[in-house]
1. Residues that are closer than 30 Å to Tyr76 by Cα: which helices (runs of 4 or more DSSP H) entirely in segment 180-270 hold 1 or more of them?
2. Can you name the residue in segment 413-441 that is outside any loop (DSSP other than H, G, I, E, B), more than 9 Å from the ligand (Cβ to nearest atom) and in contact (Cβ under 8 Å) with a residue 40 or more places away in the chain and is also nearest to Met219 (Cα to Cα) among such residues?
3. Of the conditions (1) modelled with pLDDT of 95 or more; (2) of a type outside the set (Val, Ile, Thr); (3) away from the ligand (no atom under 14 Å from the Cβ), Gly232 fails just one. Which one is it?
4. In segment 101-135, what residues are open to solvent by 70 Å² or more (accessible area, probe 1.4 Å) and outside any helix (DSSP H, G or I)?
5. Taking the condition within 23 Å of Val282 (Cα to Cα), surrounded by fewer than 24 Cβ atoms within 10 Å (Cβ to Cβ) and of a type in the set (A, V, I, L, M), does Ala433 pass?
6. Answer with yes or no whether Ala264 is more than 13 Å from the ligand (Cβ to nearest atom), of a type in the set (A, V, I, L, M), crowded, with 16+ Cβ neighbours inside 10 Å and at pLDDT 95 or above.
7. Can you name the residue in segment 213-225 that is free of Cβ contacts under 8 Å to residues at least 24 places away in the same chain and either within 14 Å of the ligand (Cβ to nearest atom) or among the acidic types (Asp, Glu) (or both) and, of all such residues, is least open to solvent (accessible area, probe 1.4 Å)?
8. Inspect segment 353-366 for any residue being touching a Phe, Trp or Tyr at 6+ places or on another chain (Cβ under 6 Å) and assigned by TED's automatic domain parsing to the domain that holds Arg310 and give the result as yes or no.
Amino acid sequence: MTNRQMMPLQDKIIRNSNFTEVALGFDLKQVHLEASRCLDCKDPRCVKACPVKINIPKFIKEILEEKYEVAYQTIYEDNILPSVCGRVCPQENQCEGDCILGIKFESVSIGALERFLGDYSLKHQIFKQENIIDNGHKVAVIGSGPAGLSFAASIRRLGYKTDIYEALHDYGGVLRYGIPEFRLPKAVVGQEIQRLESLGIQFNKNTIIGKTLTVEQLMKEYDYKALFIASGAGLPRSLNIQGENLNGVYYANEFLTRVNLMKAYQFPKHPTPVKVGDTVCVVGGGNVAMDAARVAKRLGSKNVFILYRRDMNALPARKEEVEHAVEEGIEFNLLLNPVEIIGKDYEVQAVKAEIMELGELDQSGRHRPMPTGQFKTIKIDSCIIAIGQSPNPILKNTTKDLKTDKKDRIMVKGYQTSIPGVFAGGDIVTGAATVIEAMGAGKCAAEEIDKYIKDTFS
Ligand SMILES: Cc1cc2nc3c(=O)[nH]c(=O)nc-3n(C[C@H](O)[C@H](O)[C@H](O)COP(=O)(O)OP(=O)(O)OC[C@H]3O[C@@H](n4cnc5c(N)ncnc54)[C@H](O)[C@@H]3O)c2cc1C
C-alpha cells in the first residue's frame, strides 16, 4: 500500500510572520498517488460520514481517469464550496474518519483531493452554467455563511427566486470574517461565492434583519413564501471576570474580524489597526483560540501563549491546528484558569490565573479541572478571549413567537421554527459547529422548504 501523501507546508520559520497560505496543496503526482489508494468500497462509509453526501469514490475514480472537470462536477453537485471545504473541514472526524483504509493503514486524504479539484476548477475557470427554470415563488435567506449559501444554491436549483440578506459588507460568514487568510485565502472564498451569483441568487449586503428589516416585514411585505434563518453563532462568550473591559482585551471574533474582514494585517493600507504588543495571552483551547494565537504571532507579537484550564490532551482544537501552532512558536500555559485581568490607566497589564489540577473524568470524557487555591500572575500586553460563541439574540428579540432555547439557539422540528414558513439551520440552531455541518443543514432545509411550499401554495 502506498503511503498517505503529506501535505506540503510553507516553512515554519518563515510562515509565522506572513499571512500567505500555510498548506500548499498536492501537486498532480501526489494527487494521483493519493487517489490510487482509494479502495472504491461497495458500501462507501466516507459518503455516509459526509454531511452533504459527496460521491467520494466516484470523484476519486474520475481523478484516476484524469477527468478532472467531470470529477469537479461530481463534487459540485453536492458541495458548492469544494475549495473551502477541502481546506477547512475536519475530515479526520468526517469522511476520512470513516475511511476503511484507516483501520489498518492511514485513511485516504480526501480533503486534499477535494481541494485539488476545487482549485483546478477555479484556475481553469471550469464552471457549467445551470439552466434554472423559475417556478414563480420567492424565498429569502438571512445570513451568507456556509448554511445560507448552501441553502441558497440548493433552493435556487429547484427554481425559486432566492434573495440573501447579509448584515456585513461582504459575504461568507465565518469563512470571510473568522477563519484567517493563512488557512483559507479570501480570494478562494470570494471566487466560490461569485459562482453562486451566476445561478441567479440575489445578494443584499449591509442588511441586518431585526434592524434594517424584520422577519415579519420580509414575510408580509416582500411576498416570500418561506424564510431560512442562517445567522450563525457570532456572539462571543465572556469570561465574566474583572478587567475584561480594559483596553487591549479583545474577543476572538472581534479580533479576527478586524484582521480578516477589515484587513488589519495590511494596516495602514487598510485603516483598521490592531494593537497586540509583545506578549499576548489567548484564553481558550479550541480552533478559534489557535487561529487567534497564530494571527497575533503574525502581527508581530514576540510571545504568544494559550492559557487553558485543562492539559494538552484535552485541547478541543484539531490536532493539526495545535501542531501548526506549536511549530510556529505558540506557547501553552496549561492548567490555568483566568480569574482577573489586571490593568492600569485602562490598559491591560497582566492576567491573574488560578492554578488547576486534574480531577475525575467529566461527561466529556476529559479530566475535570480542579481549583488549587494557588494563583499565578503573568505580565501581558493584550488578551484575546476565545472561549466560545453563541447566537446573537437580535432575531429572537425582534421576532414575535420565535422560540429559542436557554442558549438563544433557535428551536426547530426538522428545520421548521415555531413560526409557519420560517425555517432555520446551521450554527444558529446547533451552536458553534463546523462548515460542512452548516452546509448539510442548508441543503436538507432546502428540500424541506420545497415540500412545504408545494404542500401549502399549490
Ligand atoms: C475563527 C473560527 C474558525 C473556524 N474554523 C473552522 C474550521 O477550520 N473548520 C470548520 O469546519 N469550522 C470552523 N469554524 C466553525 C464554522 O465556521 C461555523 O460552524 C460555520 O461557519 C457556521 O455556518 P453558519 O452559516 O451557520 O454561520 P456563519 O458562518 O456564522 O454565518 C452567519 C452569517 O449570518 C450573518 N448574520 C448574522 N445575523 C444576521 C442578521 N440579523 N441579519 C443578516 N445577517 C446576519 C452573519 O454576518 C454571517 O455572515 C470556525 C469558526 C470560527 C469562529
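1. Numbers: elements: 186-197, 215-221, 252-260.
Of the helices (runs of 4 or more DSSP H) lying wholly inside segment 180-270, those with at least 1 residues that are closer than 30 Å to Tyr76 by Cα span 186-197, 252-260.
2. Of segment 413-441, the ones outside any loop (DSSP other than H, G, I, E, B) are 413, 416, 422-424, 427-430, 435-441.
Filter once more, keeping what is more than 9 Å from the ligand (Cβ to nearest atom): 413, 416, 422-424, 440.
Those left that are additionally in contact (Cβ under 8 Å) with a residue 40 or more places away in the chain: 422-424, 440.
Values: Val422: 9, Phe423: 12, Ala424: 14, Gly440: 25 Å.
The qualifying residue nearest to Met219 (Cα to Cα) is Val422.
3. With (1) modelled with pLDDT of 95 or more; (2) of a type outside the set (Val, Ile, Thr); (3) away from the ligand (no atom under 14 Å from the Cβ) applied to Gly232, the lone miss is (3).
4. To start, the set of residues in segment 101-135 that are open to solvent by 70 Å² or more (accessible area, probe 1.4 Å) comprises 103-106, 123-125, 128-129, 131, 133-134.
Across segment 101-135, the qualifying residues are Phe105, Glu106, His124, Gln125, Lys128, Gln129, Asn131, Ile133, Asp134.
5. On the way: within 23 Å of Val282 (Cα to Cα): yes; surrounded by fewer than 24 Cβ atoms within 10 Å (Cβ to Cβ): yes; of a type in the set (A, V, I, L, M): yes.
Against the criterion (within 23 Å of Val282 (Cα to Cα), surrounded by fewer than 24 Cβ atoms within 10 Å (Cβ to Cβ) and of a type in the set (A, V, I, L, M)), Ala433 qualifies.
6. For Ala264, the condition - more than 13 Å from the ligand (Cβ to nearest atom), of a type in the set (A, V, I, L, M), crowded, with 16+ Cβ neighbours inside 10 Å and at pLDDT 95 or above - is not met.
7. Result: Gln217.
8. Yes, some residue in segment 353-366 is touching a Phe, Trp or Tyr at 6+ places or on another chain (Cβ under 6 Å) and assigned by TED's automatic domain parsing to the domain that holds Arg310.
The values are calculated or read from the model by the stated rules, or taken from the named source; none is laboratory data. Since the structure is predicted, the reported quantities are computational estimates derived from the model, not experimental observations. No Cβ is skipped: glycine too gets one built from the backbone with ideal geometry, and neighbour counts run over all protein chains shown. Protein only, heavy atoms only, side chains kept; ligands, DNA and RNA dropped before computing areas. Shrake-Rupley method; radii C 1.70, N 1.55, O 1.52, S 1.80 Å.
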